[in-house]
1. Confirm whether residue 243 is modelled with pLDDT under 80 and either crowded, with 16+ Cβ neighbours inside 10 Å or within 22 Å of the chain's Cα centre (by Cα) (or both).
2. So residue 78 passes all but one of these: (1) at pLDDT 80 or above; (2) under 20 Å from residue 186 (Cα atoms); (3) exposed (fewer than 15 other Cβ atoms within 10 Å of the Cβ). Which condition number does it fail?
3. Residue under question is residue 141, and the condition is that it be loosely packed, with under 11 Cβ neighbours inside 10 Å, part of a helix (DSSP H, G or I) and modelled with pLDDT under 85; does it hold?
4. Does residue 68 fit the bill of being buried (at least 18 other Cβ atoms within 10 Å of the Cβ) and at pLDDT 85 or above?
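The values are calculated or read from the model by the stated rules, or taken from the named source; none is laboratory data. Model, not experiment: these values are computed from the prediction. Cβ coordinates were reconstructed from backbone atoms using ideal geometry, including for glycine residues, and neighbour counts include every protein chain displayed.
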């Protein structure tokens, strides 16, 4: 029941969500700096392009983290069902399978995020003129002001491509993961609360030299962690699904939808930090996997070596005695 691919998937989730945590902080800091400046200059073309790339990457990492959580729950449910052959179980358990699955999920998510990048295009609106109090700015005559407008691709044929991209993005990013996570969470909660201990792990099935209680405890902790992280992601997916349905029913430019989207961005950032903290706090194997990535020592292996050396010290070893030690002292004097 040891699935190392879950820990590689959790590392990929934390890496993806760490980027999603940085983006809202960056945007908020830019807003604070612009409000603090007396004469803020308009954004250059390079800065607009960089912001589009950063937001597109954030959309990609958010979707990728969602589907990685779905994959992690699916692997855990498949292992707990115990109806897969041994060769498939070995494949699902391998750490390389987690990285391979992360790559294959990254590619379609990246392609879908390109639709967000081509949603808008840069348009020149004329020369920038300083407002009242900024007449001393000497570079005003050489600055051109740019803005973002809907792209020609999205406005083609009354926005038929825009509707297709919005609907496909909403279904694949929010609705489908919400349904799958709901199903997997039911199975995981059933495994945690309703299934008997005999069905989880039997003492007779344990390998010789292992502690069944320790193995059972670690398996239960892994299942609880996967269920907890899936519940967090399900909550965010349901909120995003509600916003997506509201966008289809009302309007994308509604102020309430904009406020809700900004709030969900911060909730996703806080959730990403809490999920990584929970996994690092409660999972020793996860910490060891991170240590191996950064070439630190494996603490679990060190504990096992210490326990093996302590157990060897407690065992009495038989050493054959020499012949001289077996002869009494008196017989030695007589021979002399």
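1. yes
2. (3)
3. yes
4. The answer is yes for residue 68.
Residue-wise test of (1) outside any helix (DSSP H, G or I); (2) modelled with pLDDT of 85 or more.
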site: 121; (1), (2): yes, yes
site: 125; (1), (2): yes, no
site: 132; (1), (2): yes, no
site: 145; (1), (2): yes, no
site: 154; (1), (2): no, no
site: 162; (1), (2): no, no
site: 172; (1), (2): no, yes
